[in-house]
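Undergrad: Here it is: the structure, laid out below.
The values are calculated or read from the model by the stated rules, or taken from the named source; none is laboratory data. Keep in mind it's a predicted model, so treat the numbers as computed, not measured. Using ideal geometry, Cβ is built from the backbone for each residue, glycine included, and neighbour counts are taken over all protein chains shown. Only protein heavy atoms, including side chains, enter the accessible area calculation; ligands, DNA and RNA are left aside. Shrake-Rupley method; radii C 1.70, N 1.55, O 1.52, S 1.80 Å.
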Amino acid sequence: IITTPTVPFKARLKSNPDEQVVCSNPSLFPDQALVLAYEEPVIRATIITPAAYTGDIITLCQSRRGTQEAMDFMDNDQVLFKYVLPLSEVVTDFYDELKSLSKGYASLDYEPAGYREADVVKLQFALNGAPVDALTTIVHRGNAERLGRALSLRLKDALARQQFEVAIQAMIGSKVVARESL
């Protein structure tokens, strides 16, 4: 089990809406009740790929919450895409999937594009009710349950069995979104 890389998120607090707090550590992420809005870093990505992989590349970028800015056919066989993508979606395994889908032919170049408002939550994990801060991560609300289930299953497979039942829980605040028993 490897912890996911984190990116710095910004939060505008209700107590002072003009000030933004930068959160690089998920365990220090401010509670949702105290926050007006969260912002996540985004990148402007340029992808060049053979035309045969166009559909797969579009599907990949859309599944990573990307916004297409441009799509240009450079010649009969090359397509250039410009996307705005959340940095948190790119740092995990985007490049590996891009290369896999294009059989190694696609190229990726990107630059920072600032921050944009996002619906993100803190996904926490607990073993037998005890929080495990090292596994805490910030994810988009739409992906939280799927990621919680996937990591709970991986933890179940990775941890050694005990003489008693161990509860593995993925939580958003106090709400359990996934649970496995070891």
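Undergrad: Hey, can you find the accessible area per residue of the chain for me, probe 1.4 Å, expressed in square angstrom?
TA: Computed with neighbouring chains in place, this is 56 Å² per residue.
Undergrad: Write out the trypsin sites (Lys or Arg not before Pro) in the range 74-182 meeting two conditions: DSSP loop, and at most 13 other Cβ atoms within 10 Å of their Cβ.
TA: Passing sites in the range 74-182 are 103, 161.
Undergrad: Students sometimes get this wrong: rank 174, 24, 152 by accessible area, probe 1.4 Å, all chains present, largest first.
TA: Output order, biggest surface exposure first: 174, 24, 152.
Undergrad: Something else now. In 10 Å bins starting at zero, report the fraction of Cα pairs in the range 113-182 per bin as a rounded %.
TA: 21, 51, 20, 7, 2, 0
Undergrad: Compare 19, 117, 89 in a GNM of the chain, Cα atoms joined below 10 Å, and give the one with the largest fluctuation.
TA: Top of the fluctuation ranking is 19.
Undergrad: Now, a different point. If I compute solvent accessible area with a 1.4 Å probe over the protein chains, what percent of it on the chain is carbon and sulfur?
TA: After summing per-atom areas, the C and S share lands at 50 percent.
Undergrad: Given the -39500 (n - 2.57) contribution per DSSP H run of 4+ residues, what per-residue ellipticity at 222 nm results for the chain, rounded to the nearest 500 deg cm²/dmol?
TA: -7500 deg cm²/dmol
Undergrad: Can you compute the radius of gyration and Dmax for the range 46-118, using only the Cα atoms, both in Å?
TA: Expressed in Å, the Cα Rg and Dmax of the range 46-118 come to 11.8, 38.
Undergrad: Can I ask one more? Put one equal scatterer on each alpha carbon of the chain, apply the Debye formula with no solvent term, and list log10 I(q)/I(0) at q = 0.17 1/Å to two decimals.
TA: Here log10 of I(q) over I(0) equals -1.07.
Undergrad: Can you spot the aspartates and glutamates whose alpha carbon is less than 19 Å from residue 103's alpha carbon? Ignore those fewer than 8 places along the same chain.
TA: Within reach: 56, 77, 93.
Undergrad: Another question, if that's okay. So what's the angle, to the nearest 10 degrees on a 0 to 90 scale, between helix 141-158 and the longest Cα principal axis of the chain?
TA: 60 degrees
Undergrad: Next question, about the same structure. Please give the net charge around residue 48, taking every other residue with its beta carbon less than 12 angstrom from that of residue 48, where Lys and Arg add +1 and Asp and Glu add -1.
TA: -3
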